[in-house]
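Colleague: There's a structure below that I have some questions on.
The values are calculated or read from the model by the stated rules, or taken from the named source; none is laboratory data. Computed from a prediction, not measured in an experiment: that's the story for all the values here. Every residue, glycine as well, gets a Cβ built from its backbone with ideal geometry; the counts of neighbours run over all protein chains shown.
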Amino acid sequence: MRAMLIVNPHATSTTARRRDLLAHALAAEVDLSVEHTADRGHAAELAAKAAQTGAALVVVHGGDGTVNEVVNGIMAGAADDGARPMLAVVPGGSTNVFARAIGVDPDPTAATEQVLDALATGRPPVTASLGMADDRYFTFNAGLGLDAEVVAAVEEDRAAGATVTNALHVRKTVRRFLASDRRRPRLTVEIPGRPPVTGAHLLFVSNVDPWTYWEGRPIRTNPGTSARRGLGVFALRSLGVPTVVRVVGQLVGPGSGRPDARGPHGRAVVRDDDVPLVRAVSDRPIGLQVDGDYLGLRPGATFRGVPDALRVLGPQIAASGGGAGAGRPR
Ligand SMILES: Nc1ncnc2c1ncn2[C@@H]1O[C@H](COP(=O)(O)OP(=O)(O)OP(=O)(O)O)[C@@H](O)[C@H]1O
C-alpha cells in the first residue's frame, strides 16, 4: 500500500523523536513517503498530490489546522470518493478536536498504535462526514461572528510571536464580546424547512460533537451532532449579559460535558443537531472561521453537510455501531 505521512514539524505537541518513531513504524507496514510542511498551505498541496498520484493512505501528524488542510487537499485531489486515499490522524496539536471526536486516541503514541493495528489486522476504515463553508471543507466547526473574530485576534498575536494559551483565548473573547455591537444583531439564518431566524448575533456550525475542548473538557454546543449525521447549528439571538452568562454556564457548568448533556437551550438559543444545509446572510460584513482558520469578512456563508466524505483508518467501532462520532465500516 502506498502512503504519505504529512507532518507539521511546528505543531504544538510534536517532537523530532516522535516524528522519527512514527515514520519508522509506518514504513514497516506501508510503502511510505514522508513530507514535512514548510509553511501554511503546504499540507493541502502535499495531500492533493498524494490523492492525484493514487496513494491509498495519507497520515497526518499535526494539529487541527494541518488536518483541515490535508482534508481539503484530499478532497481537491480526488473528486471521486472511490479514488480518495484513506485518512489517518496522529494528533500533534493542542486540542485535536476532529481526531478525538471520531475516536482517535488523543495520545500520539496510542493513535499510532491504532493505525498500525488497523494496517496489520486489515481493520476497515470508518466513514466520517465533513462540513463545507462555501467552498472550504471543515472537519469540526465553522463560525460567523464572535468566534471568528476571536480566531483572527489570536492568529494576529500568534503571528507576532505570542504563545497561544487558553488564557489568551479568554482575554480575546472577553475583549471582542465587550467591543461587539450587542444591540444590532447582524444575521439571518435559514435552515430549509424552518422559518428563517432573524436577529442572530453569531452562528456556530458543527460537523462533530464536542464543539471544542477546554483544558481537556468537552464544550458541547450540539450534543446530538456526530460525523454520522448532518450539521449542528447553534445561533444566539441575544448577547445580553444575563443570556451570555446563562449559556456559558450551560456550556461549561457541572455536567455540561457528560454524554447525556442536554446542551445549551433557552429563548435566545437557536439549535438544531442534524441539518443538511444552513445559510446565513449578514446585513454587514462578518468574520468567518473554518476549523480555527480565519477566512476574513464575508456577506454571509452557506454551510453544507457532506455525508460519508472520508474513510478514516485507525479508530475502532463500538459494538453499538459507533465510537465518539465515528461512522460505519466501509
Ligand atoms: N511548516 C509550517 N509553517 C507554518 N505554518 C504551518 C506549517 N505547517 C502547517 N502550518 C499551519 O499552521 C497552523 C497551525 O498548525 P497545526 O494546526 O498543525 O498545529 P497547532 O498550532 O499545534 O494546532 P492547535 O492550534 O490545534 O494547537 C495551521 O493552520 C497550518 O495551516
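Colleague: Can you pull out the residues in the range 122-146 that are basic (Lys, Arg) and out of contact with any strand residue (DSSP E or B) (no Cβ under 6 Å at 6 or more places or on another chain)?
Modeller: Across the range 122-146, the qualifying residue is only 123.
Colleague: Please enumerate the residues belonging to the range 136-190 that are more than 13 Å from the ligand (Cβ to nearest atom), surrounded by fewer than 20 Cβ atoms within 10 Å (Cβ to Cβ) and not in a helix (DSSP H, G or I).
Modeller: 160, 161, 180, 181, 182, 183, 184, 188, 190
Colleague: Which one is surrounded by the fewest Cβ atoms within 10 Å (Cβ to Cβ) among residues in the range 85-132 that are part of a loop (DSSP other than H, G, I, E, B) and within 11 Å of the ligand (Cβ to nearest atom)?
Modeller: Going through the qualifying residues, I end up with 94.
Colleague: Sort out which residues of the range 1-49 are under 22 Å from the mean Cα position of the chain (by Cα) and among the polar types (S, T, N, Q), and write them in order of number.
Modeller: 8, 12, 13, 14, 37, listed by residue number.
Colleague: State whether the residues of the range 58-76 include one that is at pLDDT below 95, crowded, with 23+ Cβ neighbours inside 10 Å and hydrophobic (A, V, I, L, M, F, W, C).
Modeller: Scanning the range 58-76, I find no residue that is at pLDDT below 95, crowded, with 23+ Cβ neighbours inside 10 Å and hydrophobic (A, V, I, L, M, F, W, C), so the answer is no.
Colleague: Inspect the range 97-111 for any residue being under 17 Å from residue 1 (Cα atoms), of a type outside the set (Gly, Ala, Ser) and either modelled with pLDDT of 95 or more or in the same structural domain as residue 292 (by TED's automatic domain parsing) (or both) and give the result as yes or no.
Modeller: No: the range 97-111 contains no residue that is under 17 Å from residue 1 (Cα atoms), of a type outside the set (Gly, Ala, Ser) and either modelled with pLDDT of 95 or more or in the same structural domain as residue 292 (by TED's automatic domain parsing) (or both).
Colleague: Additional query: From the residues in the range 51-76 that are part of a helix (DSSP H, G or I) and away from the ligand (no atom under 16 Å from the Cβ), which one is farthest from residue 306 (Cα to Cα)?
Modeller: Going through the qualifying residues, I end up with 52.
Colleague: Out of (1) without any contact (Cβ under 8 Å) to a residue 24 or more places away in the chain; (2) more than 16 Å from the ligand (Cβ to nearest atom); (3) touching a Phe, Trp or Tyr at 6+ places or on another chain (Cβ under 9 Å), the odd one out for residue 227 is which?
Modeller: In the conditions (1) without any contact (Cβ under 8 Å) to a residue 24 or more places away in the chain; (2) more than 16 Å from the ligand (Cβ to nearest atom); (3) touching a Phe, Trp or Tyr at 6+ places or on another chain (Cβ under 9 Å), residue 227 misses (1) alone.
Colleague: Determine if the range 109-121 includes at least one residue that is more than 15 Å from residue 316 (Cβ to Cβ) and of a type outside the set (Phe, Trp, Tyr).
Modeller: yes
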